[in-house]
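This report refers to the structure that appears directly beneath it.
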């Protein structure tokens, strides 16, 4: 029987929702486990939220007479997209431009280099508050910046990096491209 209690929205944790760390960083194994200190918080995303881009495609095989008799999977792709709007956050700049392309700090002077160097791979954790005091954690062990849209500077719109990241199979996850952990908590989830 359908149950409306199983329907949910997804909100970011107030203390941070999107984190990136160098590949090889110890990954969390539950929705509530503490993150390794190597995970850096990337700040606000736009109100479009966070999107997982998992797709599967199949090709139909027809028998004589045009009956579809088989549909083998021909493609699987996994990734995520978001518009990062903390454009003054050094952690965000390093993910978008590459760690080697960001130097200094805002107080003494910051330099960001844009070039054709290959993007770095990162491990990702996304913490989402679901209905019913449930915390959902998405862990993507390896993902790389695949696409970034133009950057617009306007007086009535937040500057942001509209990014799509490609996830790759992870050996320690038996080839999974990401894992999701969910757990109810006691009290109200906000942090």
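What follows is calculated from the coordinates using simple rules that are stated; it is not laboratory data. Just so it is clear, the model here is predicted, and its values are computed rather than measured. Cβ sites come from the backbone with ideal geometry, for glycine too, and all protein chains shown count toward neighbours.
On full extension of the chain, what length is gained from residue 34 through residue 157, given 0.36 nm per residue of separation minus the C-alpha to C-alpha distance? Show your work: numbers first, answer last.
Numbers: separation 123, 0.36 × 123 = 44.28 nm, distance 3.45 nm.
Answer, rounded to one decimal: 40.8 nm.
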ask   = How far apart, in nm, are the 7 Å Cα→Cβ label points at residue 116 and residue 56?
value = 3.9
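Could you rank the peptides 23-31, 93-101 by their average count of other C-beta atoms within 10 Å per residue, with the highest value first? If you can, show how the numbers build up before the last one.
Numbers: 23-31: 15.7, 93-101: 18.0.
Packing proxy ranking, top to bottom: 93-101, 23-31.
Take every Cα pair under 8 Å in the chain that's 6+ residues apart, average their separations, divide by the length, and report that relative contact order as a whole percent. Intermediate values should be presented prior to the final figure.
Details: 396 pairs, mean separation 48.0, N = 191.
After rounding, I find 25 percent.
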key: Sequence ranges 124-134, 52-62, 140-150, ranked by mean other-Cβ count within 10 angstrom, highest first   = 124-134, 140-150, 52-62
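Per DSSP H run of at least 4 residues, take -39500 (n - 2.57); add these up for the chain, divide by its residues and hand me the 222 nm value, nearest 500 deg cm²/dmol. Can you show the working numbers first?
Values: 1 runs with 8 residues, N = 191.
After summing the helix terms and dividing by the residues of the chain, the value is -1000 deg cm²/dmol.
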query = In whole Å, what are the Cα extents of region 122-191 along the three principal axes, biggest one first?
reply = 43, 35, 14
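Could you calculate the FRET efficiency of residue 74 with residue 164 from 1/(1 + (r/R0)^6), where r is the beta carbon distance between them and R0 is 22 Å, rounded to 0.05?
Working: r = 21 Å, r/R0 = 0.96.
According to the calculation, E is roughly 0.55.
When the convex hull of the Cα atoms of the chain is projected onto a plane and the area is averaged over all directions, what value comes out in nm²?
On the way: hull surface 66.3 nm².
Taking the Cα atoms of the chain, their convex hull projects to 16.6 nm² on average.
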